[in-house]
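The values are calculated or read from the model by the stated rules, or taken from the named source; none is laboratory data. Please read all numbers here as calculations on a predicted model, not as lab measurements. Glycine gets a Cβ as well: all are built from the backbone with ideal geometry, and neighbour counts include every protein chain shown. These accessible areas exclude ligands, DNA and RNA; they are computed on the full protein's heavy atoms, side chains included. Shrake-Rupley method; radii C 1.70, N 1.55, O 1.52, S 1.80 Å.
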Amino acid sequence: MRFDSDEPSCKNPVMLLSSAVAAGMLRVFLDCSSGFCHEDFLREEVQLAEYVRDRADADVHVLITEADTGAGGEEFTLAFIGLGAFQSTTRTLTVTTDASDSEDRERRKLASALTLGLLSYLAPSSVPPGLDVSAEFDVESAPTMSATDDPWRRWIFSLNGNLNIDSEQSTSERNWGLSIGADHITPDWKVTLGTDFNESHEEFEFDADDDGDEQRDLTVVRKNWSVNGLAVRSISDHWSVGVFGDLRSSTFDNIENDLRFAPAIEWNFFPYSMYTRRQLRVIYSIGGSRTSYFEHTLFDKLEETRGREELSATYEQREPWGTLEGRFEVSHFFPGFDNHRFEVDGEVNVRVARGLSLNIEASASRIRDQLSLPRRNASPEEVLLRLRQLQSDFETRVEFGVEYRFGSAFAAIVNPRFGQ
């Protein structure tokens, strides 16, 4: 069921509750997997329920997931999972926000959807005594223009620029950036185009040392830019084909110009309609690149043309017990397999027991494809200031986290005083 209402509030006039109903509130566990679903606002505004800290204490588990829309907005999916006496009652509502929506408008849409979903559990077969419901639909704010009337033909454009200046007595830094994007998203096509420009200047003044050396200045310049594109065609509920392309330059990577092009195919084990809860995507691409370098590389190249092959698989699952994400990628440059890279990373967040959750993140890379590394050794300044990429055979990262919460099972009260 899709719900895209713009109702102004759940309390006034969407929902009014008498004290008789409040005395027998549902116990709801609000689970925001997206990490930003205005939880405090929902608890304060939607007072149809008593919000609990643990799923084991709940009558209804509300799992909220989030995905970006082609128009630059957000699509929130609210899965209402009944527990205990409500175990047989489940439903899903979807809320779509626009890029132009304010934060208040976005959170009120979510509150309206949460209210509507919880009514299924408050009144499964009959209206409980003391429940007073009223609703409004803002017809004037509902979109009236059809897709055929759209002068932009579903194209969305974005422009972003930034400038940062920071100065102290002996150091100064200037950064600027510009990005331009264009997206065309329909059920059959996904086309994204973008360009990014970034440049930074840092200046350092070193005092004269005890040996009588004069004051020395150091200026550091970093530049990078890229133009990229992706076009994807939906074939079925499990298959898609597409093509990647980009042109980039980076002083850090010793790349003056790098033009890459690669057709690709994707297979999803689960139907794409299940993307908010479960995905297993496998992507294979094969293409080539034409690269020129600022300096001679380790292989004594100033320019070269190479073929490249890549295979990746990504698994994502969001369930009441937690989340699971994993990905591996293997790629290599032709000819042969000497210049290759293998990467694997994953994250698991599990509710182990009442109040206890465990989070593990890990990643590892086997690196054999640093074709752009300069032939000369890096200077101390380049190493300390990270002005260029350094040679490395591998990279690893592991992070563990444990959280245990105990005390009152209820978490309905929001107190915003002192901003905490």
For a quick check of understanding: with a 1.4 angstrom probe and all protein chains in place, what accessible area in square angstrom does Thr171 have, to the nearest ten? 50 Å²
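Counting residues in region 252-358 as N, plug N into 2.2 N^0.38 Å and put the Cα Rg over that result.
Values: Rg = 19.3 Å, N = 107, 2.2 N^0.38 = 13.0 Å.
Scaled against compact globular proteins, the figure is 1.49.
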With N set to the residue count of region 315-360, report its C-alpha Rg divided by 2.2 N^0.38 Å to two decimal places. 1.76
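Could you calculate the FRET efficiency of Glu329 with Ser167 from 1/(1 + (r/R0)^6), where r is the beta carbon distance between them and R0 is 56 Å, rounded to 0.05? Provide the component values of the computation, followed by the final result.
Details: r = 41 Å, r/R0 = 0.74.
With a Förster radius of 56 Å, E is 0.85.
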Accessible surface of Glu45 in the full protein assembly, 1.4 angstrom probe, to the nearest 10 Å²? 20 Å²
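Summing +1 for each Lys or Arg and -1 for each Asp or Glu, what net charge is found among the other residues whose Cβ lies under 14 Å from the Cβ of Thr192? The partial results should precede the final answer.
Details: positive: Arg154, Lys190, Arg233; negative: Asp68, Asp183, Asp196, Asp246.
Local charge sum for Thr192: -1.
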Measure of size requested: the Rg and Dmax of region 214-308, with Cα atoms as the atom set and Å as the unit; please supply both. 19.5, 70
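Counting Lys and Arg as +1 and Asp and Glu as -1, what is the net charge of the other residues whose Cβ lies under 10 Å from the Cβ of Leu324? Don't skip to the answer; put the middle values down first.
Details: positive: Arg278, Arg318; negative: Glu316, Glu319, Glu325, Glu347.
Its environment carries a net charge of -2.
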Expressed in µm² per second, the diffusion coefficient of region 343-388 from the Stokes-Einstein equation, with Rh the Kirkwood radius over alpha carbon pairs, at 25 °C and 0.890 mPa s, is 167 µm²/s
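Could you sort 339-351, 300-312 so that the peptide with the highest average Cβ count within 10 Å comes first and the rest follow in order? The partial results should precede the final answer.
Details: 339-351: 16.0, 300-312: 14.1.
Most protected by this proxy first, the peptides run 339-351, 300-312.
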